[in-house]
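Undergrad: Below are the structure tokens for one structure; questions will follow.
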Amino acid sequence: MIYPPVPHAEIDGNVWPALPGEKGQIVLSLLYQMDQSQWWSAEDIRTHQFSQLSALLSQAWHQVPFHRARLEQAGLAPPFDQLEQRWAAIPILTRSDIQEQGKALYSAHLPRGHGAVYDIHTSGSTGQPIRALRSQLALWFWSAFTLREHLWHRRDLRGKLAVIRDSTPGVSAYPKGSRYKYWGSSRQTFDTGPCVSLNINASAAEQADWLVRENPDYLLTHPTNILRVAHHCLENKIKIPNLKQINTLSEILRPETRDLCRDAWGVEITDNYSSREIGYMALQCPEHAHYHIQSEGVFLEVVDSQGKPCKPGEIGRILVTHLHNFAMPFIRYDVGDFAEVGEACPCGRGLPVLKQILGREQNMLSKPDGEKVWTLLSEGAIRKLLKLAPIREYQFVQKTQAQIEARFVVDRALSASETSQVRTWLAEKFGPEFEFTLTYLKELPRSKSGKLQDFISEVG
């Protein structure tokens, strides 16, 4: 049975209908409005976005000289009457800009009610870590989108949530992990069950042991991490009886991961697209595998190499503008990812669709002739590979313009026939012009934040 969320009562003697505290009331107000706006037409959503964009640009114009100069360059000035027509003329904000400008991108003053300001430090998965600011107002929107994601996917907030994400040495270490009374900031708005946490650097066997002991209702982790845990549990017939759903974030969700989790535990995966500096950008649709852009919080563009908006079925670069972070305006910010635009969703929501998120440009395949293409490790291609040999995990690293290293974690040594078939698959997938080296590892290397990428290019 799915239980309706119960608001967290902050007033003595108030049980039902419950009144949350001030922060919870703010988030509840956002949730109510977002529950309406998700069903608006795409045109109505865009109209309201540009109303908010005008307010954001007014803040940037008056409080951040760097942005004022760029807006003037685009022929824009308050009251921004021609904003939608001139929007594409605003220069793109890059990570290099943020690194070079530093505090010059901070607002001198915030409007009334935006609250305190907090530091953000990104992990630098692109090789360009940045320091940024966000306001309390931006955090309220972050909380509202977190709850929207829970509600979209009909989670019982009174269940137990397990999180395997933190990679900090010594934090939430196996075998005990860490324990919390509530699901983080969600407690400000709704009553929740407990939350438990384990360090992501625990082995697959250790994570499986911990999950069996904790027996959570829901699990939040990285896609590549749940892939190795599911492999271990499937092979050792380990069940997690209470597990109802897995939520993934921070990495590209590999096509075979959904199937493997169904096979191992009979549960579905819900995925989301976010970044530390921006927050939520897209959430998986409650009824389909694609993603809805969170238009109440961001204005997200997918543009081609000429800077023109991509149409459904086309792949382009993601540019995002945070609508409510006035502390440090992110205006047409290049997050470094590419995505494929999707058609309008049959679910009826007017929120735009991303069919798939492809990842970083630096991880595109460089052909010997200099052309860059997406590897697009599709569900069919990966399934074919996994049928050829007992491969548990995989990662492909382009070492030079002509050489690709295929890294595998395998159950046993591959036979000569299996090796030959894998090499044939590699040539078909990446091109016969490449030289392939097969490397076998006990565990694939992860980044400092615990992430693992399936394709890495070291060219250039």
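The values are calculated or read from the model by the stated rules, or taken from the named source; none is laboratory data. For clarity, every value in this text was computed on a predicted model and none was experimentally measured. Cβ sites come from the backbone with ideal geometry, for glycine too, and all protein chains shown count toward neighbours.
Undergrad: Please tell me if GLY279 is within 10 Å of the chain's Cα centre (by Cα) and farther than 30 Å from HIS232 by Cβ. First the steps, then the outcome.
TA: Numbers: within 10 Å of the chain's Cα centre (by Cα): yes; farther than 30 Å from HIS232 by Cβ: yes.
The answer is yes for GLY279.
Undergrad: With the condition being of a type in the set (Ser, Thr, Tyr) and at pLDDT 90 or above, I'd like the strands (runs of 3 or more DSSP E) fully within the range 383-451 carrying at least 2 qualifying residues.
TA: Once the strands (runs of 3 or more DSSP E) in the range 383-451 are filtered for at least 2 residues that are of a type in the set (Ser, Thr, Tyr) and at pLDDT 90 or above, what remains is 435-440.
Undergrad: Within the range 197-254, can you find the residues that are aliphatic (A, V, I, L, M), under 20 Å from TYR180 (Cα atoms) and touching a Pro at 6+ places or on another chain (Cβ under 7 Å)?
TA: Answer for the range 197-254, where residues must be aliphatic (A, V, I, L, M), under 20 Å from TYR180 (Cα atoms) and touching a Pro at 6+ places or on another chain (Cβ under 7 Å): just LEU243.
Undergrad: Now for a different question. Taking ALA413, is it surrounded by 14 or more Cβ atoms within 10 Å (Cβ to Cβ) and more than 28 Å from ASP369 (Cβ to Cβ)? Lay out the reasoning, then the answer.
TA: Details: surrounded by 14 or more Cβ atoms within 10 Å (Cβ to Cβ): no; more than 28 Å from ASP369 (Cβ to Cβ): yes.
So ALA413 does not fit the description; no.
Undergrad: Here is a check on your reading of the model: is GLY370 modelled with pLDDT under 90 and under 17 Å from TYR273 (Cβ atoms)?
TA: In short, no.
Undergrad: Given the conditions (1) surrounded by fewer than 20 Cβ atoms within 10 Å (Cβ to Cβ); (2) without any contact (Cβ under 8 Å) to a residue 40 or more places away in the chain; (3) among the small types (Gly, Ala, Ser); (4) in a strand (DSSP E or B), which single one is not true for GLY336?
TA: It is condition (2) that GLY336 fails.
Undergrad: Residues to consider are ARG258, ARG254, ARG276, ARG262; find the one that is more than 21 Å from THR122 (Cα to Cα) and touching a residue at least 40 places away in the same chain (Cβ under 8 Å).
TA: Only one candidate qualifies: ARG254.
Undergrad: Still on this structure, please answer the following. Within the range 193-280, considering only helices (runs of 4 or more DSSP H) that don't extend past its boundaries, which have at least 1 residues that are touching an Asp or Glu at 6+ places or on another chain (Cβ under 8 Å)?
TA: 223-235, 255-265
Undergrad: For the range 1-46, which residues satisfy the criterion of being part of a loop (DSSP other than H, G, I, E, B), more than 15 Å from HIS150 (Cα to Cα), modelled with pLDDT under 95 and of a type outside the set (A, V, I, L, M, F, W, C)?
TA: HIS8, GLU10, ASP12, GLY13, ASN14, PRO17, PRO20, GLY21
Undergrad: In the range 75-103, which residue that is farther than 19 Å from ALA132 by Cα and charged (D, E, K, R) is surrounded by the fewest Cβ atoms within 10 Å (Cβ to Cβ)?
TA: ASP81
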